[in-house]
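A quick write-up on the structure given underneath.
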Amino acid sequence: MNYLITVVGATAIGKTALSIKLAQHFNTEIISSDSRQFYKEMNIGTAVPSPEELNAAKHHFIQNRSIFDNYSVGQFEKDALQKLNHLFLKNKNKYLIMVGGSGLYTNAVINGLDYFPEIAPEIRTRLNLQLQNKGISELQEQLKVLDPESFSTLEIENPHRLIRALEICIGTGKKYSEFKNKPKAPRNFTPIKIGLFADRTIMYNRINQRVDIMMQKGLLDEVKNLYAHKNLNALQTVGYKELFEYLDGKYSLDFAIEEIKKNTRRFAKRQVTWNKKDTSINWFDFKTETSEIITKIESLIV
């Protein structure tokens, strides 16, 4: 039986360091499911593993795409499953590691995605204009009327997911929730999920320190080099958006840095909320010795 040992947790909690130690112990390789780290033009602001960390264990899906690529979670699911199948066969090793803070991408690999019909792009364009001109609350009310079940279960503060649900409702005349939770293709591995947690104050302090380190490493220069492409989907992410606002003259630099910290803390809070829904995760304090985590993993292997 194959096992996919998956490390989850909020940003800056120590997932990369743990995944490398696990890969070394099990003599195996790492699949990254962090959607921010796919892009080779984005390095500092996405906390890509250092050259030393990348050399410590073989990694896949790190800076393997360009910001100019239109890369979706559905394509990642297909690519990751193909890579997993190849590695399980190639290595004759029944263990592989997956790590990342993008819950949707991690879930796509483990459980599979819900698939939806193609929707006319003008519907999304119209909804984005509505969001821009009238705010998120009007879209939330629309979803409440069209699909009460999705309204009660979806992250309705997340505009991307809100608009996705609405475009399905409008484009198909059916509820978004009707397309959810259909049977998925079986996987050829058993997942073992390891989660890292920390007290909120500690987690937020780690985030603030990471942002300061990113600025010291040259994040502003990285963003300046990407400024001409600031409207690309890949760059609509924390750490880049705020500094684009600074370069546009809308923020002072100090305010932009504080916004990065604030928005990263909010992102971490959403990660915690997402992971709490999964009762199959084995949780450990981020300071736990790796040997203790390995003992737990080995106890779950049949």
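The values are calculated or read from the model by the stated rules, or taken from the named source; none is laboratory data. Since this is a predicted model, take the numbers as computed values, not measurements. All Cβ positions, glycine included, derive from the backbone under ideal geometry; neighbour counts span all protein chains shown. In case anyone asks, the SASA skips ligands and DNA or RNA and just uses the protein heavy atoms, side chains included. Shrake-Rupley method; radii C 1.70, N 1.55, O 1.52, S 1.80 Å.
Once neighbouring chains are kept in place and the probe is 1.4 Å, which whole percent of the accessible area of the chain is contributed by carbon and sulfur? Each step should come with its number before you reach the end.
Working: 7820 of 15900 Å².
Whole-percent figure for carbon plus sulfur exposure: 49.
Which aspartates and glutamates have a Cα less than 16 Å from the Cα of LYS277, not counting those fewer than 8 places away in the same chain?
Cross-link targets: GLU155.
Project the alpha carbons of the chain onto their principal axes and report the range along each, largest first, in whole Å.
53, 48, 35
List the residues whose amide H sits under 5 Å from the amide H of GLY195, counting only those 5 or more places along or on another chain, with H placed 1.01 Å from N in the peptide plane.
HN-HN under 5 Å from GLY195: VAL8, ASN282, TRP283, PHE284.
Using the crude model of +1 on Lys and Arg Cβ and -1 on Asp and Glu Cβ, and no other charge, please compute the dipole size for the chain relative to its Cα centre, in debye to 20.
In debye, rounded to 20, the chain gives about 560.
Going by average Cβ neighbours within 10 Å, how do the peptides 52-60, 271-279, 11-19, 107-115 rank, with the highest at the top?
Ranking, from highest mean packing down: 11-19, 107-115, 52-60, 271-279.
Positive end of the dipole of the chain, charges at C-beta (+1 Lys, Arg; -1 Asp, Glu), about the Cα centre: which of PHE151, PRO121, ILE202 has its Cα farthest in that direction?
About the Cα centre, the residue reaching furthest to the positive side is PHE151.
Tell me which of GLY74, ILE110, LEU162 sits at the most positive position along the dipole axis of the chain, charges placed on C-beta atoms (Lys, Arg +1; Asp, Glu -1).
Final value for the positive-end residue is ILE110.
Which order do the peptides 188-194, 291-297 take when ranked by the mean count of other beta-carbon atoms within 10 Å per residue, highest first?
188-194, 291-297
Taking only protein heavy atoms into account and a 1.4 Å probe, give the accessible area per residue of the chain in Å².
53
Given axes a ≥ b ≥ c from the Cα gyration tensor, I'd like to know whether segment 197-302 is rounded (a/c under 1.5), prolate (a/b larger than b/c) or oblate.
In terms of gyration-tensor shape, prolate.
Provide, for segment 97-213, the number of lysine pairs with alpha carbons under 18 Å apart, each pair being eight or more places apart or on different chains.
5
Hey, got the dipole for segment 113-226? About the Cα centre, +1 on K and R Cβ, -1 on D and E Cβ, debye to the nearest 20? Spell out each step's value before the answer.
Working: 18 positive and 15 negative charges, 75 e Å.
With Lys and Arg at +1 and Asp and Glu at -1, about 360 debye.
I need the peptides 226-233, 158-165, 197-204 ranked by packing, meaning the mean over residues of other C-beta atoms within 10 angstrom, with the highest value on top. The partial results should precede the final answer.
Numbers: 226-233: 13.2, 158-165: 17.8, 197-204: 15.9.
The densest-packed peptide leads the list: 158-165, 197-204, 226-233.
Take the alpha carbon gyration tensor of segment 156-243, find the square roots of its eigenvalues, order them as a ≥ b ≥ c, and report rounded if a/c is under 1.5; if not, report prolate when a/b exceeds b/c, else oblate. Walk me through the intermediate numbers first.
Details: a/c = 2.33, a/b = 1.42, b/c = 1.64.
Because a/c hits 1.5 or more and a/b fails to exceed b/c, segment 156-243 counts as oblate.
Give me a comma-separated list of calculated 3J(HN,Hα) values for segment 10-19, in order, Karplus coefficients 6.51, -1.76, 1.60 applied at θ = phi - 60°, integers in Hz, x for any Gly or Pro.
5, 4, 6, 8, x, 5, 4, 4, 5, 4
If the chain between ASN55 and ASN282 were fully stretched, how many nm would it gain, using 0.36 nm times the residue separation less the Cα-Cα distance?
79.0 nm
Compute the relative contact order of the chain as a whole-number percentage, counting only Cα pairs closer than 8 Å that sit 6 or more residues apart in sequence.
Relative contact order for the chain comes out at 26 percent.
Helix-derived [θ] at 222 nm for the chain: sum -39500 (n - 2.57) over DSSP H runs of at least 4, divide by residue count, nearest 500?
Values: 13 runs with 159 residues, N = 302.
Theoretical 222 nm ellipticity from helices: -16500 deg cm²/dmol.
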